[in-house]
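Inspection log for the structure reproduced underneath, given as structure tokens.
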Amino acid sequence: MSVTIKSAQELEYMREAGRILAEVHQTLGDSLTEGMSTLEIDRLGEEIIRSYGCEPSFLNYMGYPASVCVSVNDEVVHGIPRADKIVRGGDIVSLDIGVIYKGYHSDAARTHGIGEISQEAKRLIEVTRESFFQGMEYATAGRHLNDISGAIGDYATSQGCGVVRDLVGHGIGSHLHEEPEIPNFRKFRRGIKLQAGMTLAVEPMINAGGASVVWMDDEWTVVTADHSLSAHYENTIVITNGRPEILTLTPSEKKNMIE
Ligand code: MF3
Ligand code: CO
């Protein structure tokens, strides 16, 4: 399968999938409290997704056993929810969620602080978010994929953070993962030429320390090799001839973007 250009109808479904996912993130993020288990977070997330008549994209995907990836502190991505893993004040918690609406996926991630978090943690979360928007400056038809990847990686590196290289963003649509792969660092090759109607999940995974990651024995959870903190920020976007359409922002996130 190659990179697809979505039809007007497909884009309508993806906009709705994105709008719903933004609300799911908002509701679940607002519900996070000290003392919750990561399994409770997942169960609540699944309930919210289903309340919109959507299906969770991740449940049973390649054998993944939950609806929400809940990754705490040094966990980078794909943390498997567990009843015996409790979030505490000072933790940072990355929530990665996908929903399916009328057969089309949206995919987005946010990192939240529980109670008061360290300056280092706040800064990491902000650098990760900002790296995504640095990438968006190049997310327009006629540019190349490497322009996005390079802008993300260059920014995060300039801020002294480690850019995870072993995991990438991806095309998205009727499948959760479509072509192309979207690295978060500059490569030698410029990559595909961006065209209006391409739908992409851009997802920087950024570490406070080194870039190296390792996989845990559960074969899903990815952690930083040096156990430094890690943050994740992801949105589903549509390439246009102008600025990208970001499908998974809430109205208030859109407003903050302009300010
Ligand atoms: N946002 C992640 C990704 O794009 C989520 C996939 S997790 C899985 O790849 F559980 F679905 F595999
Ligand atoms: Co993704």
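The values are calculated or read from the model by the stated rules, or taken from the named source; none is laboratory data. The shown structure was predicted, so the numbers you read here are calculated from the model rather than taken from an experiment. FYI the Cβ positions are ideal-geometry reconstructions off the backbone, even for glycines, and counts take in every protein chain you see. Each accessible area value is taken on the protein alone, full model and side chains, heavy atoms only, with ligands, DNA and RNA left out. Shrake-Rupley method; radii C 1.70, N 1.55, O 1.52, S 1.80 Å.
For the chain, the solvent-accessible area of protein heavy atoms averages 44 Å² per residue (probe radius 1.4 Å; ligands and nucleic acids excluded).
Taking the Cα of Gln195, stepping 7 Å toward and past its beta carbon, and measuring to each backbone N in the range 1-44: which are under 13 Å? Inside the label zone: 2-7. Among the DSSP helices (H) of the chain, those spanning at least 15 angstrom by Cα along their long axis with an average Kyte-Doolittle hydropathy of 0.0 or more are 145-158; this is a geometric and hydropathy rule only. D by Stokes-Einstein for the range 31-78, Kirkwood Rh over Cα pairs, 37 °C, 0.692 mPa s: 284 µm²/s. Surface composition of the range 8-252: carbon plus sulfur atoms contribute 48% of the solvent-accessible area (1.4 Å probe, protein chains only, all chains present). Using the average count of surrounding beta-carbon atoms within 10 Å as a protection proxy, the listed peptides 246-257, 197-208 rank, highest first, as 197-208, 246-257. Put a plus charge on the Cβ of each Lys and Arg, a minus charge on the Cβ of each Asp and Glu, and nothing anywhere else: the dipole of the chain about its Cα centre is then about 880 debye. Once Rg and the Kirkwood radius are both taken over the C-alpha atoms of the chain, their ratio Rg/Rh works out to 0.94.
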